[in-house]
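Remarks on the structure that follows.
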Amino acid sequence: MVKRPRRNRKSAVIRNMVEETYITASNLIFPLFIVEGNNIKSEVSSMPGIYRYSVDNLLREVESCMNLGLHAFDLFPNINEALKDKTASESIREGSLYLQAIAEVKRHFPEACVITDVAMDPYSSDGHDGIVENGEILNDETLEILGNMALAHAQAGADIVAPSDMMDGRVGYIRRVLDENGFTDVSLMSYTAKYASAFYGPFRDALNSAPKHGDKKTYQMNPANQREALIEAELDTQEGADFLMVKPALAYLDVIKLLKDNFDLPIAAYNVSGEYAMIKASARNGWLNEQRATMEVLMGIRRAGATAILSYHAKAVLEQKWL
Ligand code: PBG
């Protein structure tokens, strides 16, 4: 045998020398859940180690992340059932929980990157990402709501708005609204290929945002489809997206790679709540090593081509020096 690949694995120094993929703190985005109240930090039961924070505690959490070198945050609100309605009106109310949280984080940490979720579901009495009429999700009527929501986020200080709804045409619509109002510098991270996935379960627990009826299959993508992601990516690119996101990540590494190979925009991947819960649950049972499994998953997502990874593991990775 002339060729022996094991020679390049024989010591840690050589293994590190030939390592092809890296993760740094700069690649990580940390999702954070917000809830009304004071001094609240309540754990999401299906996501051990992940909490819903009232705004005061949110600021403490952001500070501790910033000290670890974690500078990008994606915020999600848990809204009181009583404030929900058909049109998600709470989402644009001045002084609402979410708008206040965005403004407070930016006021205390101007250098933090605040990413906001543009979607109706946490505010919708139907638990859907669009206006529901006779059981149907209305596309074009929903765009105006999303545009107003994105504008409210920009006014509150968002650095990046991230529409996660999967309505057709929303990227272009939001881009136009932002530009017309002078927010040409606010970036748009589009949930480009967002699949109708079972892996969002724990997130819907965290926000109490599950659909009250039906499912999201008429707008989120069919897990069987890969090529369809090219159509979504083409549209988002034309409509002015700055990032293309694939979600979930782990079961869709081929889609990450496909978009990476075919588009020049940076690719983000969302390592979603169910993917987090799987690792936490098996680690708790002693069925796998949490550190090694987490890093292997994040590395796989990077290797597939994601530049940025949204992950609930982000803080633990830095806190426990797993990089
Ligand atoms: C909804 C939204 C969802 C997630 C992010 N934004 C859930 C859904 O589509 O029902 C899921 C994130 C996760 O599971 O971690 N706009």
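Take the conditions (1) within 16 Å of the ligand (Cβ to nearest atom); (2) within 25 Å of A241 (Cα to Cα); K84 misses just one of them, which is (2). For the stretch 144-167, the candidate set comprises residues that are of a type outside the set (G, A, S) and in contact (Cβ under 8 Å) with a residue 60 or more places away in the chain; within that set, the residue that is nearest to V118 (Cα to Cα) is M149. The condition of being without any contact (Cβ under 8 Å) to a residue 12 or more places away in the chain and within 14 Å of the ligand (Cβ to nearest atom) does not hold for M245.
For the stretch 221-236, filtered to residues that are part of a loop (DSSP other than H, G, I, E, B) and in contact with an Asp or Glu (Cβ under 8 Å, 6 or more places away or on another chain), the residue that is nearest to the ligand (Cβ to nearest atom) is N222.
Cβ separations smaller than 6 Å between residues 6+ apart or across chains give the following pairs from the stretch 291-320 residues that are small (G, A, S) to residues that are buried (at least 19 other Cβ atoms within 10 Å of the Cβ) and in a strand (DSSP E or B): G305/I267; A306/I267; A306/A269; A308/I29; A308/A268; S311/N271; A314/L28; A314/F30. Tallying residues that are within 16 Å of the ligand (Cβ to nearest atom), hydroxyl-bearing (S, T, Y) and in contact with a helix residue (DSSP H, G or I) (Cβ under 8 Å, 6 or more places away or on another chain) within the stretch 270-290 yields 2.
Read through the list (1) more than 20 Å from F30 (Cβ to Cβ); (2) of a type outside the set (S, T, Y); (3) away from the ligand (no atom under 12 Å from the Cβ), then give the number of the only condition that K216 fails. Here K216 meets the rest and fails (3). The residue list A316, A210 contains one member that is within 16 Å of the ligand (Cβ to nearest atom) and more than 25 Å from A119 (Cβ to Cβ), which is A316. The single condition among (1) away from the ligand (no atom under 12 Å from the Cβ); (2) within 16 Å of the chain's Cα centre (by Cα); (3) within 23 Å of E296 (Cα to Cα); (4) of a type outside the set (S, T, N, Q) that V255 does not satisfy is (2). Residues that are free of Cβ contacts under 8 Å to residues at least 40 places away in the same chain: which strands (runs of 3 or more DSSP E) entirely in the stretch 17-82 hold 3 or more of them? Of the strands (runs of 3 or more DSSP E) lying wholly inside the stretch 17-82, those with at least 3 residues that are free of Cβ contacts under 8 Å to residues at least 40 places away in the same chain span 41-44.
Residues in the stretch 258-274 that are buried (at least 21 other Cβ atoms within 10 Å of the Cβ) and free of Cβ contacts under 8 Å to residues at least 60 places away in the same chain: L258, I267, A269, N271.
Exactly one residue among K41, K10, K3 is over 21 Å from T294 (Cα atoms) and touching an Asp or Glu at 6+ places or on another chain (Cβ under 9 Å), and that residue is K41.
Laboratory data are not the source of any read-out in this text; all were calculated from the coordinates shown. Just so you know, these numbers come straight off a predicted model, no measurement behind them. When we count neighbours, we look across all protein chains shown, and the Cβ atoms used for this are built from the backbone with ideal geometry, even at glycine.
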